[in-house]
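Data first, discussion second: the structure below is written as structure tokens.
The values are calculated or read from the model by the stated rules, or taken from the named source; none is laboratory data. Just so you know, these numbers come straight off a predicted model, no measurement behind them. Here the Cβ is made from the backbone with ideal geometry for all residues, glycine too, and neighbour counts use every protein chain on show. These area figures cover heavy atoms from the full protein model, side chains too; ligands, DNA and RNA do not enter into them. Shrake-Rupley method; radii C 1.70, N 1.55, O 1.52, S 1.80 Å.
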Amino acid sequence: MAQRTDPPVFGEAGTYLTGAVRTTTQVPIPANTAAFDVVLVHMYLEITNAVTPATDFAEVPGAEFTTNFTGGRLFWKRLTAAEGGATYDFTHPSGFTEAVAERYTGCVRYGDPYDAGADSVQRSSADTNTPAVTITTLNDNRLIVWSATSVSLGAWTPPTGYDERVDTARELTVATDELLVAGSSGSLVGTGPSDNMTAWALALIPQ
């Protein structure tokens, strides 16, 4: 099957799960899910222990943590039907977490939904600029998903040209942009609350 000539599309984000100390991170499911949607769960954690994902989720390699054990992790799932229930439940040792789930349509229907791996990086010092990440895509018509975490609270600004999808002035933000021609995304840097930070970039493959 030939790939689509347009990139995957951001559908919507579920309700942001604000921070608390917990052993189960119950991430609200986005509305209007359907078969073949890809759901990404971005998680901010103040623990480095193993996380047991919700049913059928896989972790994207490259979890990043600052030296004070705060950081970000990323999980994905391809749906086989509209999702029932209210939350995706991730379990872990007791710790402070926040999280959000987003659904994306028009993604490839087999294998990993992203190419070129993921770029993730951490910075263990205070600065308002997020650590720079770069993705070099393997083919045309990718949707680049960028995210960042900070230990502190405050508003975020995504990299230039990116559409902000999640910003509740908390520790986590998500933004997207299309990369229509295969190659480098360039250095992706946003701004946020000045503190230790992590950043991610991922390229979703079209159907």
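With the cut-off at 1.5 for a/c, could you classify segment 49-171 from its C-alpha gyration tensor as rounded, prolate or oblate? It comes out oblate by the Cα gyration axes. Among Thr168, Thr15, Thr55, the largest mean-square fluctuation in a Gaussian network model of the chain, built with springs joining Cα atoms closer than 10 Å, belongs to Thr55.
Please give the charge dipole size of segment 68-207, origin at the Cα centre, charges +1 on K and R Cβ atoms and -1 on D and E Cβ atoms. Round to the nearest 20 debye.
260
Take the Cα radius of gyration of segment 1-72 and divide it by 2.2 N^0.38 Å, with N its residue count; two decimals is plenty.
Relative to the rule-of-thumb radius for its length, segment 1-72 sits at 1.35.
Solvent exposure of the chain amounts to 40 Å² per residue of accessible area, where only protein heavy atoms count and the probe is 1.4 Å. Remark on Ala99: its backbone amide H falls under 5 Å from those of Leu17, Tyr44, a criterion applied only to residues 5 or more positions apart or on other chains, H modelled at 1.01 Å from N. Averaging the sequence gap over all C-alpha pairs within less than 8 Å and six or more residues apart, then dividing by the number of residues, gives the chain a relative contact order of 28 percent.
If you average over every viewing direction, what projected area does the convex hull of the Cα atoms of segment 121-164 give, in nm²? Mind dumping the intermediate values first?
Working: hull surface 15.6 nm².
Over all viewing directions, segment 121-164 projects a mean Cα-hull area of 3.9 nm².
Phi angles of segment 87-95 translate, via the Karplus equation with coefficients 6.51, -1.76, 1.60 and θ = phi - 60°, into HN-Hα couplings of 9, 9, 9, 9, 10, 5, x, 4, x Hz per residue; Gly and Pro are given as x.
Among the listed options [x] 37; [y] 32; [z] 20, the one matching percent of Cα pairs over 28 Å apart as calculated from these coordinates is [z].
Three principal axis extents describe the C-alpha atoms of segment 33-73; from largest down they are 40, 15, 14 Å.
A Gaussian network model of the chain, with springs between Cα atoms under 10 Å, assigns the largest mean-square fluctuation among Arg170, Arg103, Arg22 to Arg22.
Computed over segment 115-167, relative contact order equals 27 percent, with contacts defined as Cα pairs under 8 Å that lie 6+ residues apart. Please name which of Val108, Leu153, Ser185 has its Cα lying farthest along the dipole of the chain towards the positive end, using unit charges on Cβ (Lys, Arg +1; Asp, Glu -1) and the Cα centre as origin. Farthest towards the positive pole: Val108.
Packing order of peptides 104-113, 35-44, highest average first: 35-44, 104-113 (average count of other Cβ atoms within 10 Å over each peptide's residues). Report the extension gain between Thr48 and Ala31 in nm, rounded to one decimal, defined as 0.36 nm multiplied by the number of residues separating them, less their alpha carbon distance. Net length gain for the segment: 3.1 nm. Summarising the label geometry, the points placed 7 Å from Cα in the beta-carbon direction at Arg109 and Arg22 lie 3.4 nm from one another.
In whole percents, the pair-distance distribution calculated for segment 158-207 from its alpha-carbon pairs, binned every 10 Å from zero, is 20, 55, 22, 4. With 0.36 nm allotted per residue and the present C-alpha distance subtracted, the Thr134-Thr55 stretch has 25.4 nm of extension available.
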